Amino acid sequence: MMDEKELLDIENIEIKLLLDAIYMRYGYDYRDYTLSHVKRRVLYRLERSGCKTISELMSKVLYDYETFGLLQVDLSINVTEMFRYPQFFTDLREKVIPMLKTYPSIKIWHAGCSTGEEVVSMAILLKEEGLLGKSTIYATDINEHVLAIAEKGIYDIKHVQAWTKNYQEAGGNRSFSEYYTAKFDSVIFDQDLYDHIVFTKHNLIQDKQFITANLIVCRNVLIYFNKGLKNTVLDLLDDSLVAGGILGIGSKESLQFTSLEGKYDTLSSKGRIYKKQSGLDYE
Ligand SMILES: C[S@@+](CC[C@H](N)C(=O)[O-])C[C@H]1O[C@@H](n2cnc3c(N)ncnc32)[C@H](O)[C@@H]1O
């Protein structure tokens, strides 16, 4: 009979083999996501798969694209909401918008945008500040399924009360209902918010820089990566930002002890908003 420690060791070996197999078979690289996150999600899928062991699940994943698709959705936690962590948006309004107002055009990259709520929140903020017309927002995610939802802009009406509260806490002073039309159990956000958004698939680990932005928002994504991978992704974001550009990360994420520490000034420590140093002494 195997003891608990042996079983845990075997599971960790199986997870490593599973991630290698996914990389070799499908080209998606989850090998540097944190073990605790991957393990939680793999065990969740295992329970629902009818398989007894992770090794058994691995062969199902290898032979059946649908099973891989389900595991992929599990691995990418897609939880999000409109005006999530309102302080981030209040601080953007106060500390970043005045800067953006001086630019002739604005490029924003939402990396890991999930189902799009964060991107719509940004579009609303820009509209209220008179900046939407000169902005292009690139919204990307590794997961095609969530991008398809984001592009539709249709959400369950049950979220609206909480989102309205977030909007108000984020400094919104209009009626949040101005931005959507309610239909049966859904709300459909206004098309004009989407006219300046480009949704596209992008994998932060394997794909290269694809724009140079004035503002990059990458919130609640780095949290799933180990230290080395976090640095690789932060370097990609850094390369994709103009000198003096702004980087926003999640409330539980930090630039401390990363490759960007010392290269960015803090604009809001609570809001986790940072400004890339320009390297010019007179700044
Ligand atoms: C928790 S959601 C965060 C959504 C939104 N940024 C927010 O804070 O509300 C994390 C998102 O990161 C995406 N993601 C995970 N790994 C990624 C990768 N390697 N490249 C791009 N997106 C990734 C997931 O698919 C998921 O939609």
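The values are calculated or read from the model by the stated rules, or taken from the named source; none is laboratory data. Just so we're clear, the structure is a prediction, and the values are computed from it rather than from any experiment. Every residue, glycine as well, gets a Cβ built from its backbone with ideal geometry; the counts of neighbours run over all protein chains shown.
Some points to look at:
- Single unsatisfied condition, Asn226 versus (1) more than 16 Å from the ligand (Cβ to nearest atom); (2) out of contact with any Lys or Arg (no Cβ under 8 Å at 6 or more places or on another chain); (3) among the polar types (S, T, N, Q): (1)
- Scanning segment 156-166 for residues that are exposed (fewer than 13 other Cβ atoms within 10 Å of the Cβ) and either part of a helix (DSSP H, G or I) or of a type in the set (A, V, I, L, M) (or both) gives Lys158, Gln161, Ala162.
- Count of segment 61-73 residues which are closer than 18 Å to Glu14 by Cβ and surrounded by fewer than 17 Cβ atoms within 10 Å (Cβ to Cβ): 4
- Members of segment 180-199 found to be of a type in the set (Ser, Thr, Tyr) and either within 13 Å of the ligand (Cβ to nearest atom) or surrounded by 12 or more Cβ atoms within 10 Å (Cβ to Cβ) (or both), listed by number: Tyr180, Ser186, Tyr194
- Filtered by the rule that a residue be hydrophobic (A, V, I, L, M, F, W, C) and either surrounded by 21 or more Cβ atoms within 10 Å (Cβ to Cβ) or within 16 Å of the ligand (Cβ to nearest atom) (or both), segment 144-155 gives Val146, Leu147, Ala148, Ile149, Ala150.
- Test: residue in segment 4-15 that is crowded, with 17+ Cβ neighbours inside 10 Å, farther than 30 Å from Gly153 by Cβ and more than 27 Å from the chain's Cα centre (by Cα): yes
- When every residue of segment 127-143 is checked against the conditions, at least one turns out to be small (Gly, Ala, Ser), in a strand (DSSP E or B) and within 15 Å of the ligand (Cβ to nearest atom).
- Conditions (1) touching a residue at least 60 places away in the same chain (Cβ under 8 Å); (2) under 26 Å from Gly69 (Cα atoms); (3) crowded, with 21+ Cβ neighbours inside 10 Å; number of the one not met by Thr115: (1)
- Restricting segment 40-83 to residues that are under 24 Å from Gly112 (Cβ atoms) and among the small types (Gly, Ala, Ser) leaves a set whose member that is nearest to the ligand (Cβ to nearest atom) is Ser76.
- Single residue of segment 200-224 satisfying the filter (hydrophobic (A, V, I, L, M, F, W, C) and buried (at least 21 other Cβ atoms within 10 Å of the Cβ)) that is farthest from the chain's Cα centre (by Cα): Ala213
- Any chance Phe210 is assigned by TED's automatic domain parsing to the domain that holds Leu147 and within 14 Å of the ligand (Cβ to nearest atom): yes
- Number of positions in segment 17-30 that are at pLDDT 95 or above and under 21 Å from Ile223 (Cβ atoms): 2
- When Val217 is tested against (1) part of a strand (DSSP E or B); (2) β-branched (Val, Ile, Thr); (3) over 14 Å from Asp91 (Cβ atoms), only condition (3) is not met.
- Scanning segment 167-177 finds one or more residues that are at pLDDT below 95, under 24 Å from Leu92 (Cβ atoms) and exposed (fewer than 14 other Cβ atoms within 10 Å of the Cβ).
- Flag if Val233 is assigned by TED's automatic domain parsing to the domain that holds Glu118, surrounded by 14 or more Cβ atoms within 10 Å (Cβ to Cβ) and not in a helix (DSSP H, G or I): no
- Pairs meeting the criteria (first residue in segment 19-46 and closer than 18 Å to Asn231 by Cβ and among the charged types (D, E, K, R), second residue part of a helix (DSSP H, G or I) and within 12 Å of the ligand (Cβ to nearest atom), beta carbons under 6 Å, at least 6 apart or on different chains) are Asp32/Leu229.
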